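Worksheet: the structure to be examined is printed underneath.
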Ligand code: URA
Ligand code: SF4
């Protein structure tokens, strides 16, 4: 019998056909149970020629409805911060560690509340992120928050220890450069929102300069 440890997107990932083929195949992914309650797969967005890959956690309520990453409140804030840091949106490919929205809901038709993905779900979804990395081959990865950090750098990742620095790590057999920062949703929740926003912009400037 299949156990939870068997969760994986791997059999759904095509080995040719580029980003378009990946996106199409991801729409039918059943690699873990998160597809059951979500509206649709939210795959990465941007060109294969992008120089920077931004990796978030998972789609939120708006992303789940619209089918595109970072189109809700956190995405709006991220767009503003990227512009302020001088990063060209045409140079960015935006995606998430997990491609389906995970939420709790007290009752049907009540507000859907974001729930953090488990390590198991992150691991199951990992083959999609690995395939995106292999195709886009970004010069730099911007790691948005703890979930993306754990997905890319392992469970010992602590955003406060490494944010705003350029890390060099081997990921899926490729040497990568990464700049971790906080998740834009954390900025929206912060008590000192302006200070948190400044911190995000400062880290993104470090990323822009590392290009
Ligand atoms: N938060 C994320 O991590 N990703 C999104 O796409 C939206 C909100
Ligand atoms: Fe597949 Fe990832 Fe969705 Fe799970 S979360 S069903 S692994 S795309």
Of the residues in region 8-64, those that are more than 10 Å from ligand 2 (Cβ to nearest atom) and part of a loop (DSSP other than H, G, I, E, B) number 15
In region 76-97, anything within 15 Å of ligand 1 (Cβ to nearest atom) and either part of a loop (DSSP other than H, G, I, E, B) or surrounded by fewer than 18 Cβ atoms within 10 Å (Cβ to Cβ) (or both) is listed as 76, 79, 80, 89, 97
Within region 170-197, residues without any contact (Cβ under 8 Å) to a residue 60 or more places away in the chain and farther than 22 Å from residue 91 by Cα come out as 170, 172, 173, 186, 189, 190, 191, 192, 193, 194, 195, 196
Those residues of region 5-30 that are free of Cβ contacts under 8 Å to residues at least 12 places away in the same chain and at positive phi come to a total of 1
Does region 13-23 contain at least one residue that is in contact with a helix residue (DSSP H, G or I) (Cβ under 9 Å, 6 or more places away or on another chain), farther than 24 Å from residue 176 by Cα and surrounded by 16 or more Cβ atoms within 10 Å (Cβ to Cβ)?
no
Exception for residue 120 within (1) in contact with a strand residue (DSSP E or B) (Cβ under 8 Å, 6 or more places away or on another chain); (2) within 17 Å of residue 35 (Cβ to Cβ); (3) more than 15 Å from ligand 1 (Cβ to nearest atom) falls at (1)
Taking region 148-188 and keeping residues within 16 Å of ligand 2 (Cβ to nearest atom) and either under 13 Å from residue 199 (Cα atoms) or touching a strand residue (DSSP E or B) at 6+ places or on another chain (Cβ under 8 Å) (or both) leaves 148, 151, 152
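Rule-based calculations on the coordinates, nothing more; no lab input. Remember, predicted model here, so these are calculated numbers, not experimental data. As a convention, Cβ positions derive from the backbone with ideal geometry for all residues, glycine included, and neighbour counts pool all protein chains shown.
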